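J.: Okay, handing you the structure first.
The values are calculated or read from the model by the stated rules, or taken from the named source; none is laboratory data. Fair warning: this is a prediction, and the values are worked out from it, not measured in the lab. Please note: Cβ atoms are built from the backbone with ideal geometry, for glycine as well, and neighbour counts cover all protein chains shown. To get the accessible areas, we keep the full protein, side chains included, count just its heavy atoms, and leave off ligands, DNA and RNA. Shrake-Rupley method; radii C 1.70, N 1.55, O 1.52, S 1.80 Å.
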Amino acid sequence: MKTSGWEVRVLFILVLGLLGTFAFDGLEPSPWYGLTGLGIGIIAVILQITFVKIPADEIVYTTVGAIVGLIAGILVILALRMGHLAVPESGVTPLIMIPFAFSYVFGHVAFTKGKKLGLMQTAREDESAATPLLIDLSAIIDGRVADLILSGLIRGPFILPASIKNQLEAMSDSTDIIERGRARRGMETLERLEEAAGNSGGLEYKDFGKHERERFRMLEYLKKENVSLLSSEKDIIDIAIKEGNHVINLEEVGPAARPVTLPGEVLSIRLVRKGRNPKQAVGFMDDGTMIVVEGAEDTIGTIVEVQAHTTFRSSGGTMVFARLCKDITENGTDD
């Protein structure tokens, strides 16, 4: 069972309180010593919470600078002693403040000037580039995620629900032929994903509990661990977006990656049926883009060359309006 961290902190404070009460040699146990231990524990916890919020690279810069300053200050005092300056051999003198002053100055300089080395920026860029990506069952069945990984458009590390293989196996045993087909496609995608993930950040299977609670735990995990979601299921995408999580919607990736047909571009297309308006004919490109050709009703069933003049893009896909190239040529000759 995963704890929030406060259990350990409270236990630490109590242990220091007990040590303060009973662990002083030669002294009678006293609640005042216990309170002192509790106070030290509380201060330590406050410092721990504060330091956790500071980026690790900034702590390293400041700590190294402070240590160098402390050593430099001690060397200055030693030099003064060796120079036979009137420095007492024992006791506390104002010179003891030199190492602490040097420590503060060097730590502050290291923190403010350390960015010029470029190490802090590089660390943060690497951290953002390594944001894990949670892939759900709908994306695996969709199949395009493997192509996106192989093409280098998305990188991991990738996280998959541990139950995904069991769900695909249960679908493959279904009496519904469509369900079995979806399971087969999911299994193929999973195999390709496991092969491709080795060069794209790695792949991890994570247990999100029982199936009925899996979606809730996945959403909770996204928010808690700063993980992105890749899915094609509308319900979980809507909830994840409302909760402020980063989401990659496969239904939006597909249209965005389709080739663009520009006005004036010549296409070779097979016309398959009549259009909505008189004398129109309709054909389709390999990616599903609909081509509506004006004045081409008589050429249905043949492959013709057309020239695009208008393109409409929407969430449902792309529609291109075109004219037959031979008509354009004839009109131009008549002119």
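J.: If each residue of separation counts as 0.36 nm, what is the full-extension length gain between residue 11 and residue 58 once their alpha-carbon separation is subtracted?
T.: Length gained between residue 11 and residue 58: 14.0 nm.
J.: Could you tell me the accessible area of residue 321 in Å² (1.4 Å probe, neighbours in place), rounded to the nearest ten?
T.: Accessible surface of residue 321 is approximately 40 Å².
J.: Describe numerically, in nm with one decimal, the distance between label points set 7 Å from Cα along Cα→Cβ at residue 35 and at residue 260.
T.: Between residue 35 and residue 260, the label points sit 7.3 nm apart.
J.: A follow-up question, please. Just to confirm a number: summing +1 for Lys and Arg and -1 for Asp and Glu over residues other than residue 202 whose beta-carbon lies under 11 angstrom from that of residue 202, what do you get?
T.: -1
J.: Right, here's the next one. Counting only pairs 8 or more places apart or on different chains, how many lysine pairs in region 221-301 have C-alpha atoms closer than 23 Å? Working shown, then result.
T.: Numbers: 223/234; 223/242; 224/234; 224/242; 234/242.
For region 221-301, qualifying lysine pairs total 5.
J.: Rank these residues by their accessible area, most exposed first, probe 1.4 Å: 82, 285.
T.: On the way: 82 155, 285 55 Å².
Result, largest first: 82, 285.
J.: For residue 217, what accessible area in Å² do you get when you roll a 1.4 Å probe over the heavy atoms of the protein chains, rounding to the nearest 10?
T.: 110 Å²
J.: Something else about it: Which value, in Å² rounded to 10, gives the accessible area of residue 62 with a 1.4 Å probe and all protein chains present?
T.: 50 Å²
J.: Moving on to the next point. Students sometimes get this wrong: rank 74, 141 by accessible area, probe 1.4 Å, all chains present, largest first. Don't skip to the answer; put the middle values down first.
T.: On the way: 74 80, 141 20 Å².
The most accessible residue leads, giving 74, 141.
J.: Fully extended, how many nm does the chain gain between residue 175 and residue 194 (0.36 nm per residue separation, minus their Cα-Cα distance)?
T.: On the way: separation 19, 0.36 × 19 = 6.84 nm, distance 2.79 nm.
Contour length minus Cα-Cα distance gives 4.0 nm.
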